[in-house]
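Reviewing the structure listed below.
Laboratory data are not the source of any read-out in this text; all were calculated from the coordinates shown. These numbers were taken from a predicted model, which means no experiment stands behind them. Glycine also receives a Cβ, built like all others from the backbone with ideal geometry; neighbour counts cover every protein chain displayed.
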Ligand code: FAD
């Protein structure tokens, strides 16, 4: 049996989360196919065909698939689901919107947020055992599934990205399913930023409640992010207080990130924040409280007032 990855894309290109999901799919065993369900999405399908490790791209194209409406994408996945032993989605907002619908329709359990595909393989020769973090990442559950088809969401920070080029998969056109008519796309407001996207950034600088106001957050954190070419992040306390926008939140109820470098300024290191960033390669913490829990995960800790330390750091860089 083959393994199907549901591509995350914008009809023109493939989003990075798809590459990590392909790596997880390869670990499941069997041929890896990628479904590109979109509208005028030929360029995205071509991009998917170049991903290393992909054997086939299935391209379904229709106006109802343009915006990734969950009802329509789920119907498209279900139309071809019987060909697959595993169907993998990135554990992103859109993947998590579609996967449960597919699992419910197939009457199987969803295996959420996997970080590892473990051996041994099941009787079918493909993987049936997975690891996933629970309790905000404080414990790892090993989950074995005997369902005929395994519906999986993949924590993208748990798997390296597959190479975006080097593959040469065939692109097969699939008949698009009819618009379910249950929802319609009204509009979207996309924040435009020259900064790297938080979950794809190699460097992230995050600010916490200690910043005290939106003005101070911008004044202190933005120059550091500019100097480092970093994405900006924030704790939930900073977001809730309006110092930073919602989509900057890092943590259990925000984004899960694992950059090369994560700088936390004025963040205490509550477990819900750590759940979102503790897999970062190098963690730098600036906090004036030597007992702050963030220091327990930091590779480099600076016990200092951030209003002095961050501008000094910017000057020194
Ligand atoms: P605080 O805990 O108030 O810490 C501020 C820190 O700044 C302190 O350590 C202090 O010593 C330091 N400080 C103060 N002044 C200075 C200064 N001048 N210079 C240097 N340091 C200074 N939180 C998240 O971040 N992300 C989540 O996704 C998330 N999800 C949650 C989900 C649930 C269900 C719950 C219950 C909570 C969640 N939280 C989350 C909230 C979390 O528990 C903490 O409340 C939050 O992370 C605290 O944010 P903070 O570290 O900015 O603020």
Just the residues that are in a helix (DSSP H, G or I), away from the ligand (no atom under 15 Å from the Cβ) and in contact with a helix residue (DSSP H, G or I) (Cβ under 8 Å, 6 or more places away or on another chain), please, taken from region 199-218. 200
Is it the case that some residue within region 85-107 is in contact (Cβ under 8 Å) with a residue 40 or more places away in the chain, surrounded by fewer than 17 Cβ atoms within 10 Å (Cβ to Cβ) and within 17 Å of residue 170 (Cβ to Cβ)? no
Among the residues of region 3-24, is any surrounded by fewer than 21 Cβ atoms within 10 Å (Cβ to Cβ) and closer than 17 Å to residue 84 by Cβ? no
Does residue 158 satisfy the criteria of being more than 16 Å from the ligand (Cβ to nearest atom), within 26 Å of the chain's Cα centre (by Cα) and in contact (Cβ under 8 Å) with a residue 12 or more places away in the chain? yes
Within the bounds of region 54-77, is there any residue that is without any contact (Cβ under 8 Å) to a residue 60 or more places away in the chain, in contact with a strand residue (DSSP E or B) (Cβ under 8 Å, 6 or more places away or on another chain) and more than 30 Å from residue 247 (Cα to Cα)? no
Near pairs, Cβ below 6 angstrom, 6+ apart or cross-chain, from region 225-245 (in contact (Cβ under 8 Å) with a residue 24 or more places away in the chain and farther than 8 Å from residue 207 by Cβ) to any residue that is in a strand (DSSP E or B) and more than 14 Å from the ligand (Cβ to nearest atom): 228/203; 230/203
Checking the conditions here, which among 279, 247, 299 is under 22 Å from the mean Cα position of the chain (by Cα), more than 24 Å from residue 191 (Cβ to Cβ) and more than 8 Å from the ligand (Cβ to nearest atom)? 279
Looking at (1) surrounded by 21 or more Cβ atoms within 10 Å (Cβ to Cβ); (2) near the ligand (Cβ under 9 Å from one of its atoms), which one does residue 257 not meet, given that it meets all the others? (2)
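Anything in region 274-289 that is part of a helix (DSSP H, G or I) and either at positive phi or free of Cβ contacts under 8 Å to residues at least 60 places away in the same chain (or both)? List them, or say none.
Scanning region 274-289 gives a single hit, 276.
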Could you check, for region 261-268, whether at least one of its residues is more than 23 Å from residue 134 (Cα to Cα), more than 12 Å from the ligand (Cβ to nearest atom), part of a helix (DSSP H, G or I) and in contact (Cβ under 8 Å) with a residue 24 or more places away in the chain? no
Residue ID - farthest from the ligand (Cβ to nearest atom), chosen from residues in region 302-317 that are surrounded by 15 or more Cβ atoms within 10 Å (Cβ to Cβ) and farther than 10 Å from residue 287 by Cβ: 314
Against the definition (near the ligand (Cβ under 9 Å from one of its atoms), in a loop (DSSP other than H, G, I, E, B) and more than 19 Å from residue 115 (Cα to Cα)), how does residue 292 come out, yes or no? yes
Filter the strands (runs of 3 or more DSSP E) completely within region 137-189 down to those with at least 3 residues that are surrounded by 19 or more Cβ atoms within 10 Å (Cβ to Cβ) and touching a strand residue (DSSP E or B) at 6+ places or on another chain (Cβ under 8 Å). 150-154
Restricting to helices (runs of 4 or more DSSP H) lying wholly in region 1-105: which have 2 or more residues that are closer than 24 Å to residue 202 by Cα? 16-28, 42-49
